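Any read-out appearing in this document is the output of simple, stated calculations on the displayed coordinates, not a laboratory observation. Bear in mind the structure is a predicted one, so any value in this text is a computation, not a measurement. Counting neighbours? That spans all protein chains shown, and the Cβs are built from the backbone with ideal geometry, glycine included.
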Amino acid sequence: MKDALEKFLKHLQHERNASPHTIRNYESDLDQFWHYLTPTAGKDPALAKIDHRLLREYISHLHDARLEKSSIARKLAAIRSFFKFCVREGILKQNPARLVATPKLPKRIPAVLSAGEINSFLDSLARGDLTKSADDSDQPHRHRPGAPDDETRLLLKRDRAILELLYASGLRVSELTGLNLDDLDRKQQMLRVRGKGRKERIVPYGGKAQTALDAYWPVRAELLRRNKSVDAEAVFLNYAGRRLTTRSVARLVKKYVHVFNINWDIHPHSLRHAFATHLLADGADLRAIQELLGHASLSTTQKYTHASIRQLMEVYDKAHPRA
C-alpha cells in the first residue's frame, strides 16, 4: 500500500498540478488511514484486502474520535480518490470506497459582513487608526506600548495592501501569498491568479487597492534591501524578506480585528465571502462572480445567493411595517 500511496502523491503533483497545500492534506489524511490499518509495526496492508466494511469501520472510528463531519468527509474523499487512482492504474479491480456514503453535511450559509462594516474597517486602516496597539505578526511576540514605531508603520502599509486586495479581488489567501510581481498589471489594474489545480484566471482590482499597493512598494523595496531576500519575485514579504505565509495573513487579519475593537469572528476567507456577496447584491451576474472566484462549478458560487437573500430578509424584517 505504501508504494501505491507514494505513486498517488506524485500523480497529484506532476499530473494534476495540485497545490502544495492540497498535497499536504491528502498526504496527512492518507497517512492517518495507513496508520489505522497498521497500529503496530506490522506488515504493510495489502490493498486487495481493504473492502467497504473496513472503510466503514474506519469512518466509525473517526466518528468515535469526535471529528467534525466535514473533516470525515474530507478524509473519505482523499481515500476515494486514492482508490480511484489505483483502479485506473490497474493496481485494483474496483474501488471499495464507492460503497461508502459520505457523511451528510449541514448547509452552512457563510456569515458576511456588510459593505458598510468592511468600508469602515478598511478606511480606519488607511487612516492609521489601527496602529495604536498593533504589533507585527511576523516578528517574535512583544508588546509595543504607546505610539507605533517606524517598523510597525512600515508593515501597516503592507497589511493594508493585503486586506484591500483580498476584498477587492476575492482572492483565496493561498492565491494572494502566491502572487509574483509579473502577475500584476498595474496599468490595467489586473491580476493573474493561480487557483486550485494551478488554473489561471484574470481578476481586476480597484482604485483603493491600487492606492494601497502604491504605498506598499517602497516598503517592499526596503524589506528586500535589509534582508537581501531570495524571494525577490514575491509580491508580499514578511519582516525577514521572505514570501509571506498563509498563516501570517490569518494572524494579521485577527490582529487588526482585535485592535479595531470589534466582535467579528472573521478570517481571510471572510473577505472573499464579502466580495462575492456584495457583488451579487449590487446586481453582478452569478456566472461572472463564478469566473472571478475561480469556482469550477456554479453550484459552489450559488451559496452566496443564500447569504444575499438572508441580508434582504433582515432588511425587510427591520424596515417593513407589517413584517
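Please give, to one decimal in nm, the separation of the simple spin-label points placed at D282 and D185, each 7 Å out from Cα toward the Cβ. With each label placed 7 Å out from Cα toward Cβ, I get 2.1 nm. Each Lys and Arg Cβ is given +1 and each Asp and Glu Cβ -1; about its Cα centre, segment 2-99 then shows a dipole of about 300 debye.
Looking at the square roots a ≥ b ≥ c of the eigenvalues of the Cα gyration tensor of segment 173-223, which shape do they give, rounded for a/c under 1.5, prolate if a/b is larger than b/c, or oblate?
Working: a/c = 2.32, a/b = 1.47, b/c = 1.58.
In terms of gyration-tensor shape, oblate.
In terms of its C-alpha gyration tensor, segment 1-123 has a prolate overall shape, because the principal axis ratio a/c (a ≥ b ≥ c, square roots of the eigenvalues) is not below 1.5 and a/b outweighs b/c. For the pairs K104/K255; K7/K75; K208/K254; K93/K199; K157/K187; K49/K75, note any where the Cα-Cα span goes beyond 24 Å. Listed pairs above 24 Å: K104/K255; K93/K199.
Computed FRET efficiency, Cβ-Cβ of R242 and W264, R0 22 Å: what is it to the nearest 0.05?
On the way: r = 29 Å, r/R0 = 1.31.
After rounding to 0.05, the efficiency reads 0.15.
Taking other C-beta atoms within 10 angstrom as a stand-in for reagent exposure, S299, S19 fall in the order S299, S19, fewest first. Taking the fewest neighbouring Cβ atoms within 10 Å as the starting point, the ordered list for R225, R16 is R225, R16. Annotation for segment 1-72: GluC sites (Glu not before Pro) lying in DSSP loop with at most 13 further Cβ atoms inside 10 Å of their Cβ are E15, E68.
Can you sort E175, E291 by how many other beta carbons sit within 10 Å, fewest first?
On the way: E175 23, E291 13.
By the 10 Å Cβ count, ascending, the order reads E291, E175.
The label-point distance for K228 and T102, in a model that sets each label 7 Å from Cα toward Cβ, rounds to 5.1 nm.
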